[in-house]
1. Quote the FRET efficiency, to the nearest 0.05, computed for residue 143 versus residue 608 with a Förster distance R0 of 25 Å and r equal to the Cβ-Cβ distance.
2. Distance from a point 7 Å along Cα→Cβ of residue 318 to each backbone N in region 250-281: keep the residues under 14 Å and list them by number.
3. Once Rh is set to the Kirkwood radius over Cα pairs, what Stokes-Einstein translational diffusion coefficient, in µm²/s, holds for the chain at a temperature of 10 °C and a viscosity of 1.306 mPa s?
4. Quickly work out the residue 514-to-residue 395 label distance, labels modelled 7 Å from Cα along the C-beta direction, and quote it in nm with one decimal.
5. Report the label-to-label distance for residue 303 and residue 181 in nanometres (one decimal), using points 7 Å from each Cα along the Cα→Cβ vector.
6. Give the distance, in whole Å, between the Cα centre of region 250-292 and the Cα centre of region 130-166.
7. Work out, step by step, the length gained on full extension between residue 537 and residue 330: first 0.36 nm times the residue separation, then minus their alpha carbon distance; give nm to one decimal.
8. At a Förster distance of 51 Å, what's the computed FRET efficiency of residue 209 paired with residue 601, Cβ-Cβ distance as r, to 0.05?
């Protein structure tokens, strides 16, 4: 069972507050690094290699999902993409829609590969099709990222393809083992159409009513071996993070790359589009050990993992990781639960996460441990210029009052940690348009003669409940709980509904605010952590350009952004580490992240320059 979904009625943690292996490794590398990235939500520069790894993994998984008995090597990349999904992005168990593989007839016998060389040629053809699409998709995603860095021209498609082929060959070794073992212990059940609760993705439904359509008689065939040895992986069509394995107590989650189980053994594989050189390879080892613990706990502590492997696709090598013992997993679970209480049950302060980096570890190609380099971790950190472990300090601004040059009045500065962009209102539905299944309706609400537009950004609250009542009608009295009020460029009030907000029918005695209690403008001060830009082309064909900054004070951090023309010259003069005041901004939010919106009336001013050599 490679997936264990959260149980909403028992989940007191929530999807945004669980620990993960990456968080654990980040904290152990340096508590302050974890604080900056997981609490203050600083985003490191997004270089192309981060997107290349995702493209390589997607191409491999889409290839593994397919069958040489159904598709020719040059078939369209989206042939098996129309997977029925439920409201959470998980392949649906209840949908009556046909699954993609069920629409396809098996190819004639003379078109099927007859040996491993032919099977490999077919799979390489599929990899070429999928990698091309995946790289293009990742390039578009990279181009839209506000922290885009580097040059996409540095991406070598031929090298990416070779990494895919290396992964393919590792899988073909499993196919050959399956042939050698005549399909393994589950051959008869597979032929009868018996499938596990979470079958390996093959574009077929969870349960088959008859024998498997590709089953044969006698000795296992090459096609059968391909089908039987297919590992489990996250269906490439599923929603992001929709198929995690969640700890029974909900405080830890992980998502396996590949899980081989055809031979009765459990082998968890981590795909890495790298050569395995450098400190990060130590994190991969710890991640797999945590995944072994997660498998054990999600199987009632009755089933252990038999093998752990890291496939370094750039080095064309497999690194085997010793599986932890029951005693080690018990200790690991206790330590991780304690870490969750320390880091996630209540958010620690800046002082509780000191800049105490772990020593840098040494690894050569293939993740082979070598002598540690003579290097300090801080020198390679993205936050070295603002962290006390590097060139920065913790003497951060914290509200107060300031008079800016050219102004007659002082600006009262609100500490970032005290900003609350959410309010709760009780109102009447004035109009509702587009009430159809699958559509988000357009809703206008009123309090007397004051009106507001409701902006539905999601369909579900974080607890899994609908974001608005399905039977909502004109004239209903409703509570708009925890919504984000703002004023658009026309001066109209808008109430945004994100995963932390919802609309419900009101109850007697509900406490709520008046629309006119909404404060439209705020003033903040903070240290400049980084700047970012976004560009694109709108639906009207016109180019658009936005700029923004991440700022930090003693109580919190926030992104502030707006149209490029609305930023004054001080924005371009400010450097990382400078203290700035941003006056007259609107508030916005997404989940736990607070944001600021600038306008033509916003002022930005540098109040303190960082000392530079």
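Each reported figure results from applying straightforward, stated rules to the coordinates on display, with no laboratory input. For clarity, every value in this text was computed on a predicted model and none was experimentally measured. Reconstructed Cβ throughout: ideal geometry from the backbone, glycine too, with neighbour counts over all protein chains shown.
1. 0.10
2. Zone members listed by number: 258-263, 265-272.
3. Details: Rh = 27.4 Å.
Approximately 58 µm²/s, per Stokes-Einstein.
4. 4.6
5. Distance between the two pseudo-spin positions: 1.5 nm.
6. 23
7. Working: separation 207, 0.36 × 207 = 74.52 nm, distance 5.33 nm.
Full extension from residue 537 to residue 330 adds 69.2 nm.
8. Numbers: r = 66 Å, r/R0 = 1.29.
So, using R0 = 51 Å, E works out to roughly 0.20.
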